[in-house]
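A short worksheet on the structure shown next.
The values are calculated or read from the model by the stated rules, or taken from the named source; none is laboratory data. This is a predicted model, so every value here is computed, not measured. Here the Cβ is made from the backbone with ideal geometry for all residues, glycine too, and neighbour counts use every protein chain on show.
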Amino acid sequence: MSKPLHLAVALDGAGWHPAAWRDESAATEELFTPEYWLRLVRRAESGALDFVTIEDSPGLAPGDAGHVRGHLDALLIAARVAPLTTHIGLVPTVLTTTTEPFHVSTQVATLDYLSTGRAGWRPRVAVDPARIAEIAADPALVAALFEDAADHVEVVRRLWDSWEDDAVIRDAASGRFVDRDKLHYIDFEGRHFSVKGPSITPRPPQGQPVVTALAHARVPYEFAAAAADVVYVTPADAGHARAIVEEVRTLTDRPLLVFADLNVFLDPARKERLDALQPFTSDAPVYAGDPAGLADLLLQWRAAGLDGFRLRPGVLPADLDAIVGGLVPILRERGAFRTAYTSTTLRGHLGLPEAANRYAPQGVPA
């Protein structure tokens, strides 16, 4: 029997369709409330999904007043819902080009504590939307941006290891709260960052919270292979998926899970109505059909070597409800998805190995 699929959902405002907020099922008046996000995450958790990602961007969404033009901070949303959920992984997007790695390390480590070991993050290269075409046409500039992101992730990972797991001793008799010999300078010197360390936050419960990355081409594939635990790719079909998986696998000998991103509309008539209001375009393929057809597609693509899928609900909460209430039961009937959580951490959900500490005795690079 094939190993079970991993499933995640990508949460973005009222949904990934730009006119989703205009659908009668949308809870538009609640978009900027904690209750809205908590309901979405709990709904995903009720289906035993591996994790949710929460989108973030460097500015207002492109487009005119017909788009949702504001958003909340993804990492703060994750921190808000963490204590009110129990199993699902929480993976906010964090902008590497506008955020210092020292702060990211402490924030994601704190999220790991708040969630008792369910944190991850997606480092995102943030560029001015008006310059996307210009940057994409300059290979040297693209390479520099991802080199910066790679250094950013490396600093974050080293800072997580700068405290050994048993550094906090809380010895009231001697007055020693930490064993100073188990805190380590990271002394990172790169083109983009110079960071001495150690962190101000003890090593996270997972040791290394899960790093994920979205990649469409060779340079970001190389970044993901070097820096991430999970990479989201955007194949056009099963054959393309197989080629991408083979390419990515040649770039690393570390454990790396390959997920395909897929926009999901489980009510085709709703998509047609929204398309009439505003056309939908995407960097990832689109599925519009019923849950049974989506299950067929996922299992067909899994045969290409994919480990899982990150589904982008076109309309929230409607398409998330259809994923949990329609797709998940079908996958379970076919023996392709878990019936309940069997782990309490995100690394455990994903089957990732225990993260060794590079600075501890007998430690190896994570």
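Some observations on this one:
- Selection from segment 143-174 of residues that are more than 24 Å from residue 189 (Cβ to Cβ) and touching a residue at least 60 places away in the same chain (Cβ under 8 Å): 165
Residues are listed down the side, and each one gets a yes or a no for (1) hydrophobic (A, V, I, L, M, F, W, C); (2) out of contact with any Lys or Arg (no Cβ under 8 Å at 6 or more places or on another chain); (3) in a helix (DSSP H, G or I):
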| residue | (1), (2), (3) |
| --- | --- |
| 240 | no, yes, yes |
| 244 | yes, yes, yes |
| 251 | yes, yes, no |
| 270 | no, yes, yes |
| 292 | yes, yes, yes |
| 297 | yes, yes, yes |
| 312 | no, yes, no |
| 325 | no, yes, yes |
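- Looking only at residues in segment 20-56 that are charged (D, E, K, R) and in contact with a Leu (Cβ under 9 Å, 6 or more places away or on another chain), the one that is surrounded by the most Cβ atoms within 10 Å (Cβ to Cβ) is 50.
- Which numbered condition residue 237 fails, given (1) more than 23 Å from residue 313 (Cβ to Cβ); (2) surrounded by fewer than 22 Cβ atoms within 10 Å (Cβ to Cβ): (1)
- Contact map, segment 333-346: residues that are closer than 19 Å to residue 118 by Cβ and at pLDDT 95 or above paired with residues that are part of a loop (DSSP other than H, G, I, E, B) and of a type in the set (Lys, Arg), Cβ distance under 9 Å, separation 6+ or inter-chain. Pairs shown: 344/118; 345/118; 346/118.
- The single residue among 221, 232 that is without any contact (Cβ under 8 Å) to a residue 40 or more places away in the chain and either not charged (D, E, K, R) or not in a strand (DSSP E or B) (or both) turns out to be 221.
- Residue match in segment 347-358 (condition: within 30 Å of residue 158 (Cβ to Cβ), in contact (Cβ under 8 Å) with a residue 60 or more places away in the chain, charged (D, E, K, R) and in a helix (DSSP H, G or I)): yes
Residue-wise test of (1) crowded, with 16+ Cβ neighbours inside 10 Å; (2) in contact with a strand residue (DSSP E or B) (Cβ under 8 Å, 6 or more places away or on another chain); (3) closer than 19 Å to residue 212 by Cβ.
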site	(1), (2), (3)
264	yes, yes, yes
297	yes, yes, no
307	yes, yes, yes
312	yes, yes, yes
339	no, no, no
346	yes, yes, yes
358	yes, no, no
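- Test result for residue 243, of a type in the set (Gly, Ala, Ser), modelled with pLDDT of 95 or more and within 21 Å of the chain's Cα centre (by Cα): no
- Checked against the criterion of being in contact with a helix residue (DSSP H, G or I) (Cβ under 7 Å, 6 or more places away or on another chain), aliphatic (A, V, I, L, M) and assigned to a loop (DSSP other than H, G, I, E, B), segment 332-340 contains one or more residues that satisfy it.
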